[in-house]
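Before any comments, here is the structure.
The values are calculated or read from the model by the stated rules, or taken from the named source; none is laboratory data. All of these numbers come straight from a predicted model, not from anything done at the bench. Neighbour counts run over all protein chains shown; Cβ positions are idealised from the backbone, glycine included.
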Amino acid sequence: MTTEQNIDEILIPILEHVSDPEIPVLSIMDMGVVRSAVIKNKIVYVEITPTYSGCPAMDVIGDDIKTVLKVAGYDSRIELILAPAWTTDWITPRGRKALEDYGIAAPLGAEADKDVLLNGKRIVKCTNCGSQNTRLVSQFGSTACKAQFQCDDCQEPFDYFKCLK
Amino acid sequence: MKNENLYNYILGIADNSLILGQRLGELTGHGPSLETDIACTNMSLDLFGQVRSYYQYAAKLKGGDATEDTIAFLRKERDYVNVLLVEQPDRDFAYTMARQFLFDVYHLLFLQELQKSHDITLTAIAKKSIKEVSYHQRFSTDWIKRLGDGTTVSHDKMQEAIDSLWTYTDELFHQTAADKAMVAEGIGVDVTALKVKYYSLVNAVLEEATLKIPESKWFQKGGKKGIHTEHFGYILSNMQYMQLAYPNMEW
């Protein structure tokens with residue numbers, strides 16, 4: 001079992017066109033959900049892994065990958081794999097920036113994440129004004145991967161992408 | 001069927017998550033507050049996601065026309081082997097959180113062991129699920145403490161919920177024939193070995209929450225053999241309504 005991605009370079013610009021339907025600013029490549037994509041006998045074999053088991057976006061992502069590859073002239077087979085399990089560490093720096101620009105605070109490290117979700121520590125930066133005077137509203141948010149926060153300085157409510165290790 | 005023990009073993013794990021997921025899903029739009037409503041349905045979604053992985057695997061073992069959907073929706077009451085705890089209804093939020101907590105503590109201990117299984121599909125599902133389930137346990141533990149060590153009213157309601165659900169906890173550690181066969185093959189988890197740890201973890205939280213640990217030594221059982229409480233028929237009729245009304249319908 002390997003945590004390395006195995007993606008044919010020719011396919012990268014094609015796959016970057018597919019975004020997470022629930023976070024449209026984030027490409028699936030920056031999300032780290034594409035684990036391998038290789039061409040064998042003119043067919044592209046793609047392995048994707050879910051962020052959360054129940055992530056309803058996976059079916060759509062699979063269909064979208066098929067569509068962009070079809071446009072690029074490839075038939076494809078998509079397989080959903082569970083191991084190794086996805087972690088927020090696989091989100092690229094560009095992906096983290098896209099999240100922040102979109103108004104979703106990017107995941108902190110595992111320890112800091114525990115502090116904000118369990119111990120009420122105020123360190124998540126508000127995506128609107130940058131203040132760290134923010135508080136947890138709910139450990140669960142609009143999708144499985146997020147928690148709800150609010151800024152006590154500018155009052156902006158925002159999502160925080162939970163750390164998953 | 002070849003691998004019949006493995007098939008039954010998978011159902012023994014997955015049915016718990018299916019029925020608990022259904023119970024939590026019933027709270028959609030009915031939670032006591034927006035945040036807790038969303039939390040319960042998020043946990044429900046995690047459980048359904050896990051169930052899909054288990055049932056897809058079970059369907060592959062069964063072969064023929066079996067799919068994750070036929071396994072989820074087209075069995076009769078006696079064929080569901082979930083523990084009685086998870087089918088208990090949402091009487092109030094204290095019950096919902098007590099049920100969740102009493103299951104989460106078990107679920108996490110179970111998945112920690114399942115990660116060591118010789119079956120690579122089960123270890124993959126376990127490693128994926130464990131991240132989600134540890135988050136559920138944090139959430140439910142938090143509410144046990146908050147309500148237990150809260151106002152007189154919240155304390156009494158939480159105590160009542162724990163007292164009445166306690167009778168369903170022992171069944172978590174009963175072994176079925178499929179369990180024993182799978183433990184022997186290094187695939188299954190020996191649930192009997194989790195019991196001491198389970199009660200020590202649960203009791204520590206109850207104490208911190210200023211709740212009394214129930215003294216009753218009499219426990220209900222039957223779910224693992226398909227003998228369910230009176231609530232189960234109602235869950236199934238809800239879950240199976242679409243398939244009964246429109247046989248073979250698909251999304």
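Take residue B:126 and decide whether it is assigned to a helix (DSSP H, G or I), more than 29 Å from residue B:34 (Cβ to Cβ) and touching a residue at least 12 places away in the same chain (Cβ under 8 Å).
Details: assigned to a helix (DSSP H, G or I): yes; more than 29 Å from residue B:34 (Cβ to Cβ): yes; touching a residue at least 12 places away in the same chain (Cβ under 8 Å): yes.
Yes, satisfied.
Just a yes or no: is a residue in the range B:54-76 more than 22 Å from residue B:179 (Cα to Cα) and among the aromatic types (Phe, Trp, Tyr)?
First, pick out the residues of the range B:54-76 that are more than 22 Å from residue B:179 (Cα to Cα): B:64-67, B:69-70, B:73-74.
Adding the requirement that they be among the aromatic types (Phe, Trp, Tyr) leaves B:73.
Yes, because at least one residue in the range B:54-76 is more than 22 Å from residue B:179 (Cα to Cα) and among the aromatic types (Phe, Trp, Tyr).
For every residue, the table says whether it meets (1) surrounded by 14 or more Cβ atoms within 10 Å (Cβ to Cβ); (2) acidic (Asp, Glu); (3) within 22 Å of residue A:49 (Cβ to Cβ).
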{"site": "A:68", "(1), (2), (3)": "yes, no, yes"}
{"site": "A:74", "(1), (2), (3)": "yes, no, yes"}
{"site": "A:79", "(1), (2), (3)": "no, yes, yes"}
{"site": "A:82", "(1), (2), (3)": "yes, no, yes"}
{"site": "A:96", "(1), (2), (3)": "yes, no, yes"}
{"site": "A:106", "(1), (2), (3)": "yes, no, yes"}
{"site": "A:117", "(1), (2), (3)": "yes, no, no"}
{"site": "A:128", "(1), (2), (3)": "yes, no, no"}
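Might you let me know whether the range B:192-209 holds any residue that is small (Gly, Ala, Ser) and either within 26 Å of residue B:4 (Cα to Cα) or not in a helix (DSSP H, G or I) (or both)? Walk me through how you get there before you give the answer.
Going through the range B:192-209, the residues small (Gly, Ala, Ser) turn out to be B:193, B:200, B:204, B:209.
Then drop every residue that is not either within 26 Å of residue B:4 (Cα to Cα) or not in a helix (DSSP H, G or I) (or both), which leaves B:193, B:209.
Yes, there is a match, as at least one residue in the range B:192-209 is small (Gly, Ala, Ser) and either within 26 Å of residue B:4 (Cα to Cα) or not in a helix (DSSP H, G or I) (or both).
Could you check how many residues of the range B:219-249 are over 19 Å from residue B:106 (Cα atoms), touching a residue at least 24 places away in the same chain (Cβ under 8 Å) and either assigned to a loop (DSSP other than H, G, I, E, B) or touching a His at 6+ places or on another chain (Cβ under 7 Å) (or both)?
Residues flagged as over 19 Å from residue B:106 (Cα atoms), touching a residue at least 24 places away in the same chain (Cβ under 8 Å) and either assigned to a loop (DSSP other than H, G, I, E, B) or touching a His at 6+ places or on another chain (Cβ under 7 Å) (or both) within the range B:219-249 amount to 6.
Does any residue of the range B:81-104 turn out to be at positive phi and surrounded by fewer than 20 Cβ atoms within 10 Å (Cβ to Cβ)? Give the derivation first.
Within the range B:81-104, the subset at positive phi is none.
No, that holds for no residue.
Go over the candidates A:16, A:9 one by one and state the one that is among the acidic types (Asp, Glu), in contact with a strand residue (DSSP E or B) (Cβ under 9 Å, 6 or more places away or on another chain) and surrounded by fewer than 18 Cβ atoms within 10 Å (Cβ to Cβ). Outline the logic, then answer.
Numbers: A:9 fails: in contact with a strand residue (DSSP E or B) (Cβ under 9 Å, 6 or more places away or on another chain).
Step by step, each of A:16, A:9 is checked, and only A:16 is among the acidic types (Asp, Glu), in contact with a strand residue (DSSP E or B) (Cβ under 9 Å, 6 or more places away or on another chain) and surrounded by fewer than 18 Cβ atoms within 10 Å (Cβ to Cβ).
Please go through the range B:15-38 and pick out each residue that is under 22 Å from residue A:164 (Cβ atoms) and modelled with pLDDT of 95 or more.
B:17, B:20, B:21, B:24
Looking at the range B:62-77, is at least one residue at negative phi, of a type in the set (Gly, Ala, Ser) and within 13 Å of chain A (Cβ to nearest Cβ)? Step through it out loud before you land on a result.
Narrowing the range B:62-77 to residues at negative phi: B:62, B:65-77.
Narrowing further to those that are of a type in the set (Gly, Ala, Ser): B:66, B:72.
Okay, now just the ones that are also within 13 Å of chain A (Cβ to nearest Cβ), so none.
No: the range B:62-77 contains no residue that is at negative phi, of a type in the set (Gly, Ala, Ser) and within 13 Å of chain A (Cβ to nearest Cβ).
Counting just the residues of the range A:135-146 that are in a loop (DSSP other than H, G, I, E, B) and of a type outside the set (Val, Ile, Thr), which one comes out surrounded by the fewest Cβ atoms within 10 Å (Cβ to Cβ)?
A:142
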